[in-house]
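Student: Pasting in a structure now, in structure tokens, and then I'll have a few things to ask.
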Amino acid sequence: MKSCPYCHSTVSNHSFIAPPGRTICRYCDLIFRTVPIDKKEVMSRYKNHYFDRYAMDQFDGRRQNIFSHVLGQLSIKKIGKLLDVGTGCGFFLVEARKRGWQVKGIDLSRESVQFGRCRHHLDIHEGTLHDYDDDDRFDAVTYLNVLEHISEPWENIKKAALLLKNDGVLYVRFPNARYHALLYKLLAGWKSAEFAARFTIFHEFSFSQRFMKRMLVENGFKHVRIYNSPVSDISKDADRKYGLLSKVGTKALFLLTAVMRNCGVHNLPIGPSLEAIAVK
Ligand SMILES: [Zn+2]
């Protein structure tokens, strides 16, 4: 096995059915690529082509319920300065600003940054968290489905810790690696790998509850809590790219996680998306 990029173990978990080109570390639970990718090409793709290929997902309002939920979770902290990493066109920042946060964003995509600046008059740094060298210190740093795309997420989290004030809050929303791995195994066994890939999410890395908790604690965060996160409202999907099966399944999961939350068992990590909330 290729050594784990986080804990450097060379032992994989053989009971895990990995999607092609990925494996899981037996010790830290990180799912990672076994075949190298061209990092320069990936950076260039986000910088130059993210807006035309993917930004439309941000325009149909399917994430509004997520934004409201995240801002509710952040209300444990007195409203102050918020930094959103990988903010895209800035729709989350707009919602945060409405609730009184002083907002700032970071994104690689040139056109997304231009959109956020011109349309919403937002302060967005074009680049990565690593090349952001302002003296600002923040009360909250957020990553909404971003950290799993970053080539060294733990280094990014270290930088986020530096930018947070003491007692500042970190919020990370991410696909639940164990959920997607199990679903992949079931669907690939039932139909095919291609079919399974349509319903599951694996990016640069996939994080489980166990990995995320360990990584945040090892990078200086305390009071780490991990919950199921609500799913996006894909009934608002304008281009109908999701089939009926996917929509019904997502609605059922939405209801299940809502019931679990209301019953006080939302920390059982069974949903497709998880959220980590931690304090510096
Ligand atoms: Zn590992």
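Student: Among the residues of the range 105-148, write down those that are surrounded by fewer than 22 Cβ atoms within 10 Å (Cβ to Cβ), out of contact with any helix residue (DSSP H, G or I) (no Cβ under 8 Å at 6 or more places or on another chain) and in a helix (DSSP H, G or I).
Tutor: Of everything in the range 105-148, those that are surrounded by fewer than 22 Cβ atoms within 10 Å (Cβ to Cβ), out of contact with any helix residue (DSSP H, G or I) (no Cβ under 8 Å at 6 or more places or on another chain) and in a helix (DSSP H, G or I) turn out to be Q114, R117, C118, R119, E148.
Student: So, one more: Can you find a residue in the range 58-69 that is at pLDDT below 80 and part of a helix (DSSP H, G or I)?
Tutor: Looking through the range 58-69, at least one residue is at pLDDT below 80 and part of a helix (DSSP H, G or I).
Student: Name the pairs: first residue in the range 191-205 and within 17 Å of T34 (Cα to Cα), second residue surrounded by 13 or more Cβ atoms within 10 Å (Cβ to Cβ) and aromatic (F, W, Y), Cβ to Cβ under 7 Å, at least 6 apart or on different chains?
Tutor: From the range 191-205, the pairs are F205/F32.
Student: Where the second residue is of a type in the set (G, A, S) and surrounded by fewer than 20 Cβ atoms within 10 Å (Cβ to Cβ) and the first is modelled with pLDDT of 95 or more and lies in the range 155-180, which pairs have Cβ atoms under 6 Å and are six or more apart or on separate chains?
Tutor: The qualifying pairs are A161/G220.
Student: Still on this model: Could you please let me know if A252 is loosely packed, with under 13 Cβ neighbours inside 10 Å, modelled with pLDDT under 80 and not in a helix (DSSP H, G or I)? Give the steps one after another, and end with the answer.
Tutor: Working: loosely packed, with under 13 Cβ neighbours inside 10 Å: yes; modelled with pLDDT under 80: yes; not in a helix (DSSP H, G or I): no.
No: the conditions fail for A252.
Student: Identify, from the list I79, I124, the residue that is out of contact with any Leu (no Cβ under 9 Å at 6 or more places or on another chain) and hydrophobic (A, V, I, L, M, F, W, C).
Tutor: Step by step, each of I79, I124 is checked, and only I79 is out of contact with any Leu (no Cβ under 9 Å at 6 or more places or on another chain) and hydrophobic (A, V, I, L, M, F, W, C).
Student: Condition first: part of a strand (DSSP E or B), closer than 18 Å to R22 by Cα and either without any contact (Cβ under 8 Å) to a residue 40 or more places away in the chain or not hydrophobic (A, V, I, L, M, F, W, C) (or both). Now tell me which residues in the range 206-229 satisfy that.
Tutor: Within the range 206-229, S206 is the sole residue that qualifies.
Student: Which numbered condition trips up Q64, out of (1) more than 29 Å from V42 (Cα to Cα); (2) surrounded by fewer than 16 Cβ atoms within 10 Å (Cβ to Cβ); (3) in contact (Cβ under 8 Å) with a residue 24 or more places away in the chain?
Tutor: Tallying (1) more than 29 Å from V42 (Cα to Cα); (2) surrounded by fewer than 16 Cβ atoms within 10 Å (Cβ to Cβ); (3) in contact (Cβ under 8 Å) with a residue 24 or more places away in the chain, Q64 fails exactly one: (1).
Student: Can you find, within the range 3-34, the residue that is nearest to the chain's Cα centre (by Cα) among those that are more than 9 Å from the ligand (Cβ to nearest atom) and at pLDDT 80 or above?
Tutor: I31
Student: In the range 154-177, is there at least one residue being crowded, with 21+ Cβ neighbours inside 10 Å, over 22 Å from I277 (Cα atoms) and among the polar types (S, T, N, Q)?
Tutor: No, every residue in the range 154-177 fails to be crowded, with 21+ Cβ neighbours inside 10 Å, over 22 Å from I277 (Cα atoms) and among the polar types (S, T, N, Q).
The values are calculated or read from the model by the stated rules, or taken from the named source; none is laboratory data. On a predicted model such as this, the values are computed, not experimentally measured, just so you know. Positions of Cβ are backbone-derived with ideal geometry, glycine not excepted, and every protein chain shown enters the neighbour counts.
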